[in-house]
Every structure is written in structure tokens, then in C-alpha cells.
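Encoded as C-alpha cells, the structure appears first; notes follow it.
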Amino acid sequence: MASDTYLIPDLKKGEIHRTEFTVKKSRFITSTARTHGVDEAKAFIDKITKEFSDARHNCFAFNADRPGSSAYVGCSDDGEPHGTAGQPMLNVVLHADVGEVCCVVTRYFGGILLGTGGLVKAYQDSVKMNLDALKTTNMVLMTTCVIEIEHSLITLTQRLIKRLNIVSLNEEYTDKVSYTLDVPKDALAEFKAELESMSSGRASLKILD
């Protein structure tokens, strides 16, 4: 059974973790961000490529899913000899025990050829050094659901939501109260049981995903 949590970069939206080192006068600048999904990864790659538009190469590797998964990954050599940048970078990313991560390595050529083996090592070392210094945090897997309760249960429901670290996405007040919630998967069974108990079975719960 898959774990309900995994590690992701401890970076806010738009925040970049950056490291740099030099090999035979070539500068390797690694920029990393948390990217949830392929579209976010591609947007980050475009952002870094524009920032370093004067560089000869902006190679990348990303895993937009949980650690080790190859369902939503991508990489590019961006003009380096085939197989010397993107794939070696991706191998490091997939073995790093962190998910939802995108790394772009910008290379400024220093005038000294590194050779195929030298390039592979330089790009791998760039990503490894960056990820070794990256702060991580737990990603909690959520289940989105909608509940409908009577107005008299608002206070009790809000206390339950707070206690179980549930995220309220939307609230609607009509003759009853409707909440759209992101519930941690490992708390879903407890939430359903307590909601049923305190409402005497009158609350409704519908899972959306």
C-alpha cells in the first residue's frame, strides 16, 4: 500500500533553491523548485531559460509525481551531446527520495572541453549537490469531499476540521451548510465516523476524487 505522505521541496510558490560550482572554468548553476504537475515543471523551465538566456545550455530534469515514480517525468540535454545531461540528471532526481521537483542546470562554457564522461559527472554532481542541500517537508495526500450539515453543527464541525488538519476549500450557506474540504487520507475514516456520530447520521459526505 502506498504511503499517505512523501517528501517534497520545502519551497513556496515562486521560490528557487540555487547552487553553483565550477569544473574546468565551466560554471554549472542548478536551479530547483517544487513543481506540482508537468505544466508547473514546464513553466519553471521556461522561467529559468529566460533568466539565463545568454547561457549555451539550460538542461533540465523533473519528476512531477511522488519520489521514484516515472509516470510524470521529463529531461533534456538542451544541445549537449546526447545522454550527457538530461538523463544523468533525471537518474539523480529519481533516486533522491523527493517528489514534485524540477531541476534546471545552466552551463556557461569555460573554453575547456569536458568530454562525455566529464559532462555526465558534472551534471550529476550539480543536481546531487543541489538536492543534498535542499530542505524538504512532508506532502500529505488529500481526498477532496463535500459535506452537508445542519446549521446547529457548524461549531462542532469547524472544531473537527481544525483538529484533523482538514483544509476548507469552500463554504456555502443556504438552508443547510455545505463545505468542500481536502481531508488527509489517513484521517478520512475518523472524519467520517465522527461526522456521522455527532450528526446522528443526518450529515451527508460525498467524495469527489
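Of note:
- Shown is the FRET efficiency for H82 and R27, computed with R0 = 25 Å from the Cβ-Cβ distance and rounded to the nearest 0.05: 0.65.
- Exposed loop sites here mean trypsin sites (Lys or Arg not before Pro) with a DSSP loop assignment and at most 16 other beta-carbon atoms within 10 Å; the chain contains its longest site-free run at 57-134.
- Mean Cα-pair separation over length for the chain, i.e. relative contact order, pairs under 8 Å, 6 or more apart, %: 22
- Averaging the sequence gap over all C-alpha pairs within less than 8 Å and six or more residues apart, then dividing by the number of residues, gives the range 67-108 a relative contact order of 46 percent.
- A straight Cα-to-Cα reach below 17 Å connects K42 with the aspartates and glutamates E15, E51, D65, D77, D78, E100, residues fewer than 8 places away in its own chain not being considered.
- Semi-axis lengths (Å, descending) of the ellipsoid that matches the C-alpha gyration tensor of the range 74-159: 47, 13, 10
- Between V167 and D46, the C-beta separation translates, for a Förster distance of 22 Å, into a calculated FRET efficiency of about 0.15.
- Proportion of all alpha-carbon pairs of the chain beyond 24 Å (%): 51
- Long-range HN-HN contacts of D65 with modeled amide H, under 5 Å: Y72, E100, V101
- Probe 1.4 Å, protein heavy atoms only - accessible area per residue of the range 1-146 in square angstrom: 50
- log10 of Debye I(q)/I(0), alpha-carbon scatterers only, for the range 144-209 at 0.13, 0.17, 0.26 Å⁻¹: -0.28, -0.50, -1.31
- Surface share of carbon and sulfur [accessible, 1.4 angstrom probe, percent] for the range 170-209: 44
The values are calculated or read from the model by the stated rules, or taken from the named source; none is laboratory data. Small disclaimer: the values here were computed from a predicted structure and weren't measured. FYI the Cβ positions are ideal-geometry reconstructions off the backbone, even for glycines, and counts take in every protein chain you see. Side chains included, ligands, DNA and RNA excluded: accessible areas come from the protein's heavy atoms. Shrake-Rupley method; radii C 1.70, N 1.55, O 1.52, S 1.80 Å.
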